[in-house]
1. Which distance in nm do the two modelled labels at Ser123 and Thr109 give, with both placed 7 Å along the Cα-to-Cβ direction?
2. With a sphere of radius 12 Å drawn around the Cβ of His48, what net charge do the other residues whose Cβ falls strictly inside it have (Lys, Arg +1; Asp, Glu -1)?
3. Quick one: among Leu11, Leu95, Leu44, which has the greatest mean-square fluctuation in a GNM of the chain with alpha-carbon springs under 10 angstrom?
4. Per-residue ellipticity at 222 nm for the chain, helices alone: DSSP H runs ≥ 4 residues times -39500 (n - 2.57), over residue total, nearest 500 deg cm²/dmol?
5. Below 8 Å, C-alpha to C-alpha, sequence gap of six or more: please give me the relative contact order for the chain in percent.
6. Could you tell me the calculated FRET efficiency between Arg74 and Trp5, based on Cβ-Cβ distance and R0 = 25 angstrom, to the nearest 0.05?
7. If Rh is defined by the Kirkwood formula over all Cα pairs and Rg also comes from Cα, what ratio Rg/Rh do you get for the stretch 97-173?
8. May I ask for the longest run of the chain untouched by trypsin sites (Lys or Arg not before Pro) that are loop-located per DSSP and have at most 11 neighbouring C-beta atoms (other than their own) within 10 Å?
Amino acid sequence: FQGDWHEAASLYRQWAIRQPWCREGKIATRTSIPEKFKQVAVWLKYYHEPGKVLHELWEHQQALRVPMAVHYYRYPVSEFDDNYPEMAPAKPGFLQGVADMQRLGAYVTPYTQGVIWDMDTQSWRRENGAAAAAKQEDGSFYQWVIGRNPYATMCPATKTWQEKVFDFTSKLV
């Protein structure tokens with residue numbers, strides 16, 4: 001490849017606009033995307049406790065003065081990158097922190113892990129996660145290892161995984 005980021009983005013765009021997820025056309029004309037998200041100019045990713053996030057968000061808003069959204073990480077009580085997809089319970093102050101960010105005018109999307117399931121969790125065993133895992137030709141799971149934890153990559157077409165994703169996202173809402 002020869003070129004800089006602009007040439008790379010142009011090449012990617014030529015490929016991307018031919019993909020199934022672009023069939024609806026430009027984001028500005030899609031009905032599948034809420035209007036409020038089309039107005040967002042900046043997405044911020046925060047890993048901090050709500051108090052620190054609020055100060056950083058306020059500073060960003062003062063400097064940029066554009067509609068913002070927050071992708072909020074590290075709110076579950078469990079250690080980061082552990083116990084997926086169990087994202088509840090949240091740390092104390094999470095709901096108040098989200099409400100405070102919304103009062104500042106930001107849209108808030110809590111981070112979820114909708115692709116993998118920790119094979120060391122009780123829910124994996126209790127809900128038969130293995131039946132919904134994506135499998136290789138030899139029957140073994142496609143795995144994603146984060147730190148010491150083995151995660152199975154899940155098959156989004158299975159009813160078990162669809163219900164699991166619905167369950168944990170419903171709890172967040």
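1. It works out to 2.0 nm between the two label points.
2. Working: positive: Lys45, Lys52, Arg74, Lys91; negative: Glu49, Glu56.
Computed value for this residue: +2.
3. Sorting by GNM fluctuation, first place goes to Leu11.
4. Values: 6 runs with 60 residues, N = 173.
Calculated from helices alone, the mean residue ellipticity at 222 nm is -10000 deg cm²/dmol.
5. Reported relative contact order: 16 percent.
6. Values: r = 29 Å, r/R0 = 1.17.
FRET efficiency, Arg74 to Trp5: 0.30.
7. 1.09
8. Values: sites that count: Arg18, Arg23, Lys26, Arg65, Arg148.
Here the longest run is 66-147.
The values are calculated or read from the model by the stated rules, or taken from the named source; none is laboratory data. This is a predicted model, so every value here is computed, not measured. Positions of Cβ are generated from backbone atoms using ideal geometry, with glycine treated the same way; all protein chains shown enter the neighbour counts. These accessible areas exclude ligands, DNA and RNA; they are computed on the full protein's heavy atoms, side chains included. Shrake-Rupley method; radii C 1.70, N 1.55, O 1.52, S 1.80 Å.
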